[in-house]
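Visitor: Please see the structure below; I have some questions.
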Amino acid sequence: IVRATRELSLRKTGALIVIAREASLRNYIETGTRISARVTYELLCTIFTPQTPLHDGACIIVREEIVAAGCVLPLSENPMLPAALGMRHKAAVGLTEETDAVVVIVSEETGGISISVRGNLRRKLDPQTLREALEEIMAPRVQS
(Lines give C-alpha, C1' and ligand atoms only; values in the text may rest on other atoms or scores of the structure.)
Protein backbone atom coordinates (compact mmCIF):
# COMPACT_ATOMS: atom_id res chain seq x y z
CA ILE A 1 0.00 0.00 0.00
CA VAL A 2 2.77 2.44 0.92
CA ARG A 3 4.79 1.65 -2.20
CA ALA A 4 1.74 2.14 -4.45
CA THR A 5 0.81 5.34 -2.63
CA ARG A 6 4.31 6.69 -3.18
CA GLU A 7 4.14 5.92 -6.91
CA LEU A 8 0.63 7.38 -7.27
CA SER A 9 1.77 10.49 -5.40
CA LEU A 10 4.76 10.98 -7.70
CA ARG A 11 2.45 10.70 -10.73
CA LYS A 12 -0.22 12.94 -9.11
CA THR A 13 -2.72 10.17 -9.64
CA GLY A 14 -5.70 10.45 -7.30
CA ALA A 15 -6.49 7.47 -5.10
CA LEU A 16 -8.74 6.37 -2.24
CA ILE A 17 -7.56 3.18 -0.55
CA VAL A 18 -9.85 1.90 2.21
CA ILE A 19 -8.53 -0.59 4.75
CA ALA A 20 -11.31 -2.37 6.63
CA ARG A 21 -10.95 -3.12 10.31
CA GLU A 22 -13.78 -4.53 12.45
CA ALA A 23 -16.86 -2.82 10.97
CA SER A 24 -18.48 -4.36 7.92
CA LEU A 25 -18.07 -2.34 4.73
CA ARG A 26 -20.48 -4.54 2.76
CA ASN A 27 -22.78 -1.64 1.81
CA TYR A 28 -19.84 0.27 0.30
CA ILE A 29 -18.33 -2.82 -1.33
CA GLU A 30 -21.64 -3.42 -3.13
CA THR A 31 -21.40 0.00 -4.84
CA GLY A 32 -18.26 -1.04 -6.71
CA THR A 33 -16.90 -3.81 -8.86
CA ARG A 34 -15.83 -7.03 -7.15
CA ILE A 35 -12.14 -7.80 -7.53
CA SER A 36 -11.22 -10.46 -4.93
CA ALA A 37 -7.46 -10.36 -5.48
CA ARG A 38 -4.38 -10.23 -3.27
CA VAL A 39 -3.15 -6.70 -2.53
CA THR A 40 -0.16 -5.88 -4.70
CA TYR A 41 1.64 -2.71 -5.69
CA GLU A 42 0.97 -3.42 -9.34
CA LEU A 43 -2.76 -3.98 -8.91
CA LEU A 44 -3.24 -0.84 -6.82
CA CYS A 45 -1.38 1.27 -9.40
CA THR A 46 -3.43 -0.29 -12.19
CA ILE A 47 -6.78 0.31 -10.48
CA PHE A 48 -6.09 4.04 -10.14
CA THR A 49 -4.75 4.57 -13.66
CA PRO A 50 -6.61 7.62 -15.06
CA GLN A 51 -9.26 7.13 -17.74
CA THR A 52 -9.95 3.54 -16.68
CA PRO A 53 -13.37 2.40 -15.42
CA LEU A 54 -12.43 1.92 -11.75
CA HIS A 55 -10.08 4.83 -11.10
CA ASP A 56 -12.62 7.31 -9.74
CA GLY A 57 -13.99 5.37 -6.80
CA ALA A 58 -12.45 3.85 -3.71
CA CYS A 59 -10.59 0.57 -3.53
CA ILE A 60 -11.59 -1.48 -0.47
CA ILE A 61 -9.18 -3.88 1.19
CA VAL A 62 -10.34 -6.51 3.68
CA ARG A 63 -7.50 -8.35 5.38
CA GLU A 64 -4.97 -8.81 2.58
CA GLU A 65 -7.47 -8.83 -0.28
CA ILE A 66 -8.72 -6.09 -2.58
CA VAL A 67 -12.39 -6.98 -2.50
CA ALA A 68 -13.75 -4.19 -4.71
CA ALA A 69 -12.84 -1.03 -6.59
CA GLY A 70 -14.80 1.89 -7.97
CA CYS A 71 -16.72 2.06 -4.70
CA VAL A 72 -18.78 5.08 -3.61
CA LEU A 73 -18.16 6.47 -0.11
CA PRO A 74 -20.31 8.84 1.96
CA LEU A 75 -19.22 12.49 2.01
CA SER A 76 -18.49 14.17 5.32
CA GLU A 77 -20.72 17.08 6.22
CA ASN A 78 -18.31 18.31 8.89
CA PRO A 79 -18.32 22.13 8.65
CA MET A 80 -14.87 22.25 10.28
CA LEU A 81 -13.16 20.64 7.26
CA PRO A 82 -11.24 23.11 5.10
CA ALA A 83 -13.42 24.33 2.22
CA ALA A 84 -10.58 23.67 -0.22
CA LEU A 85 -10.72 19.90 0.36
CA GLY A 86 -11.84 17.89 -2.65
CA MET A 87 -14.33 15.06 -2.91
CA ARG A 88 -11.73 12.33 -2.24
CA HIS A 89 -10.80 13.83 1.11
CA LYS A 90 -14.44 14.46 2.08
CA ALA A 91 -15.31 10.87 1.14
CA ALA A 92 -12.40 9.52 3.19
CA VAL A 93 -13.42 11.51 6.25
CA GLY A 94 -17.08 10.61 5.70
CA LEU A 95 -16.36 6.88 5.74
CA THR A 96 -14.14 7.13 8.81
CA GLU A 97 -16.84 9.11 10.62
CA GLU A 98 -19.25 6.20 10.05
CA THR A 99 -16.89 3.21 10.42
CA ASP A 100 -13.58 2.19 11.98
CA ALA A 101 -11.94 1.90 8.54
CA VAL A 102 -8.67 3.62 7.67
CA VAL A 103 -8.48 5.52 4.38
CA VAL A 104 -5.33 6.52 2.51
CA ILE A 105 -5.78 9.39 0.06
CA VAL A 106 -3.61 10.66 -2.78
CA SER A 107 -4.56 14.09 -4.12
CA GLU A 108 -4.90 14.32 -7.88
CA GLU A 109 -4.11 18.05 -7.79
CA THR A 110 -1.01 18.05 -5.58
CA GLY A 111 0.06 14.41 -5.24
CA GLY A 112 -0.19 14.95 -1.48
CA ILE A 113 -0.64 11.90 0.74
CA SER A 114 -3.19 11.93 3.57
CA ILE A 115 -4.75 9.44 5.94
CA SER A 116 -8.15 9.52 7.63
CA VAL A 117 -9.04 7.67 10.82
CA ARG A 118 -12.01 8.21 13.16
CA GLY A 119 -13.15 11.25 11.19
CA ASN A 120 -9.76 12.93 11.48
CA LEU A 121 -7.54 13.81 8.55
CA ARG A 122 -3.73 13.94 8.59
CA ARG A 123 -2.34 15.63 5.50
CA LYS A 124 1.02 16.23 3.85
CA LEU A 125 2.51 12.86 4.80
CA ASP A 126 5.62 11.39 3.22
CA PRO A 127 5.69 7.64 2.50
CA GLN A 128 7.70 6.84 5.65
CA THR A 129 5.28 8.75 7.89
CA LEU A 130 2.37 6.97 6.17
CA ARG A 131 4.04 3.61 6.83
CA GLU A 132 4.53 4.47 10.51
CA ALA A 133 0.94 5.69 10.87
CA LEU A 134 -0.45 2.53 9.25
CA GLU A 135 1.73 0.28 11.40
CA GLU A 136 0.57 2.07 14.56
CA ILE A 137 -3.11 2.04 13.59
CA MET A 138 -3.16 -1.55 12.35
CA ALA A 139 -1.02 -3.07 15.12
CA PRO A 140 -2.91 -5.69 17.10
CA ARG A 141 -4.12 -4.34 20.40
CA VAL A 142 -2.86 -6.22 23.43
CA GLN A 143 -5.46 -6.56 26.14
CA SER A 144 -4.29 -6.48 29.74
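The values are calculated or read from the model by the stated rules, or taken from the named source; none is laboratory data. Everything quoted here is computed from the prediction, not taken from an experiment. Heads up, the Cβs are rebuilt from the backbone with ideal geometry, glycines too, and the neighbour counts pull from every protein chain shown. Areas reflect the complete protein model, heavy atoms only, side chains present, ligands, DNA and RNA absent. Shrake-Rupley method; radii C 1.70, N 1.55, O 1.52, S 1.80 Å.
Visitor: What are the radius of gyration and Dmax of the range 37-86, computed over its Cα atoms and given in Å?
Guide: Gyration radius and largest Cα-Cα distance of the range 37-86: 13.5, 37 Å.
Visitor: For the range 96-138, what class follows from the C-alpha gyration tensor (a ≥ b ≥ c being the square roots of its eigenvalues): rounded when a/c is under 1.5, otherwise prolate if a/b is larger than b/c, else oblate?
Guide: It is oblate, given that a/c is not under 1.5 and a/b is not larger than b/c.
Visitor: Please compute the alpha carbon radius of gyration of the range 1-40, then divide it by the globular-protein estimate 2.2 N^0.38 Å. Two decimals is fine.
Guide: For the range 1-40, the normalised Cα radius of gyration comes out at 1.38.
Visitor: Rounded to two decimals, what is the ratio between the C-alpha radius of gyration of the range 47-120 and 2.2 N^0.38 Å?
Guide: Taking N as the residue count of the range 47-120, the ratio is 1.08.
Visitor: Net charge within 15 Å of GLY70 by Cβ-Cβ distance, Lys/Arg positive one each and Asp/Glu negative one each, not counting GLY70 itself?
Guide: Here the count lands on 0.
Visitor: Report Rg(Cα)/(2.2 N^0.38 Å) for the range 12-144, keeping two decimals.
Guide: Here the answer is 0.99, to two decimals.
Visitor: With the full set of protein chains in place, find how many percent of the accessible area of the range 28-117 is carbon and sulfur; take the probe as 1.4 Å.
Guide: 54
Visitor: If you filter the range 1-54 for trypsin sites (Lys or Arg not before Pro), then keep DSSP loop positions with at most 15 other Cβ within 10 Å, what is left?
Guide: LYS12, ARG21
Visitor: Can you give the relative contact order of the range 1-55 as a percent, counting alpha carbon pairs under 8 Å and 6+ residues apart?
Guide: For the range 1-55, the relative contact order is 50 percent.
Visitor: Which residues make up the longest stretch of the chain that has no GluC sites (Glu not before Pro) in a DSSP loop with at most 14 other Cβ atoms within 10 Å?
Guide: 110-144
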